[in-house]
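Reading through the structure tokens given below for one structure.
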Amino acid sequence: MGGFPDTCAPTCGLSLLFMPSHSPAASEDGVVICTRNRPSELARTLESVAEQSGAAQRPVIVVDGSDRDDEERTVEVVRNWCDEGLPVRYHRYAGTPAGTRQRNAGVDLLPDSVEVVHFIDDDVTLRPGYFDALCKVLNQKRHLLGVGGVIAKSEGTSPRPLVQWAHRLFLLRADQPSRVLPSGHTTPAWPTGENDVQPAEWLSTCASSYRAEVFDRHRFDPAVKGPSPRLEDLDFSVRVARDGPLAVVPEARCVHRVSGRNRRGTAATTRERLARRYWFVRKNMDRPLNRLAFWWSALGQLIALVTSSDPDSRAALRGHVQGLRQAWTCAHPLLGEGADDG
């Protein structure tokens, strides 16, 4: 990781530094936020970051892949929050926008003093004490390489899914949070009624934090690009978990406001999720039983879509069939011959 430059001039034409008149003291943790065409959403996210305790000493890197009009608005959002005392740096990502590459760039731009790297999405609202809860656990439990928070999709909702027998039968869901199933499907983090940290097999970059040393060995796979869903957080955290344990901290809460910008339609989302799930299995769980489990889960999803009365089910079914074709023929860019294994 690098450090903040001493001036407000662009660095190589890509970065602008907006900071309060007094530079922050050395910080043990820093924040990376990747954004694209979401200045309004980013403003709300930065508001919740600024309300966290110790915000004036916690550097924030905003890595922007916006189109021209939204780029100017995003710069203004960052500048305004700097004026409010948040130590934030704007970095214009010059390459093809991709969450994986933008996160890698953000990590490299953090000061060397940072020991914990927080990732949050640009459409997230943090609850009070979010960063403190995560850092406290990492300081107390030195064996952990990463921790995550509990994410709700909207105010007052619980992230715990309704686990039905069919979900379990087809290896799509389980009753334990933060698990990676043999099929490559996952369960989200949710409160279990206990305040103790919960072992996790994967973490969402919507709300996750890693020790800075992790990035000496691991990076987000730059071959993964495009709008959500990407599954790059699943791929990254599972690789990190091979080196050391991960956990979820129930006290660290946030709300994912789920912006509709930069997202695919129903058919394309379903297609991409299936093809990328197969990519994840082949890359990280490439055993015959896991491949069989993946196809078994895909069959369960197909049955569910055929029998569904949901208005979007026809579009989702079309996307699912397209995804099956891509996975079976390895026609997806991540699955083709010579695809980068990260």
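The values are calculated or read from the model by the stated rules, or taken from the named source; none is laboratory data. Being a predicted model, the structure only gives us computed values, none of them experimental. Neighbour counts run over all protein chains shown; Cβ positions are idealised from the backbone, glycine included. Note: accessible area is taken over every heavy atom of the protein model, side chains too, but ligands, DNA and RNA are not part of it. Shrake-Rupley method; radii C 1.70, N 1.55, O 1.52, S 1.80 Å.
A few comments on the model shown:
- Shown in residue order for region 175-186 are the 3J(HN,Hα) couplings computed by the Karplus curve 6.51 cos²θ - 1.76 cosθ + 1.60 at θ = phi - 60°: 8, 9, x, 6, 10, 10, 7, x, 7, x, 6, 10 Hz (x for Gly and Pro).
- Accessible area of the chain belonging to carbon and sulfur atoms, whole % at 1.4 Å probe: 50 percent
- 3J(HN,Hα) along region 98-114: 7, x, 5, 5, 5, 5, 4, 5, x, 4, 5, 8, 6, x, 5, 6, 6 Hz, from the Karplus curve 6.51 cos²θ - 1.76 cosθ + 1.60 with θ = phi - 60°, whole Hz, x for Gly and Pro.
- For the chain, the per residue solvent-accessible surface stands at 45 Å², with DNA, RNA and ligands left out and a 1.4 Å probe.
- At most 12 other Cβ within 10 Å, DSSP loop - GluC sites (Glu not before Pro), region 236-342: E337
- Classified by the C-alpha gyration tensor, region 229-342 has an oblate form. Its axis ratio a/c, with a ≥ b ≥ c, is 1.5 or above, and a/b does not exceed b/c.
- Taking a ≥ b ≥ c as the square roots of the eigenvalues of the Cα gyration tensor, an a/c ratio below 1.5 marks region 167-291 as rounded.
- Taken along its principal axes, the alpha carbon cloud of region 70-130 reaches lengths of 34, 28, 22 Å, longest axis first.
- Net length available on complete extension from S113 to S308 is 65.0 nm, with 0.36 nm assigned per residue and the Cα-Cα distance removed.
- Residues whose amide H lies under 5 Å from that of I61, counting only those 5 or more places away or on a different chain, are V31, V32, I33, R89; hydrogens are built 1.01 Å from N in the peptide plane.
- In region 181-232, one over the average inverse separation of all distinct C-alpha pairs is 13.8 Å, which is the Kirkwood hydrodynamic radius.
- Peptides 230-243, 295-308 ordered by packing proxy, namely the average of other Cβ atoms within 10 Å per residue, highest first: 230-243, 295-308.
- Square roots of 5 times each gyration tensor eigenvalue, C-alpha, region 37-154, largest first, Å: 24, 16, 14
- Between amide H atoms placed 1.01 Å from N, distances below 5 Å from T186 occur with L181, all of them 5 or more places distant or on a separate chain.
- The chain pair-distance distribution - Cα-Cα, 10 Å bins, rounded %: 5, 25, 34, 24, 10, 2, 0
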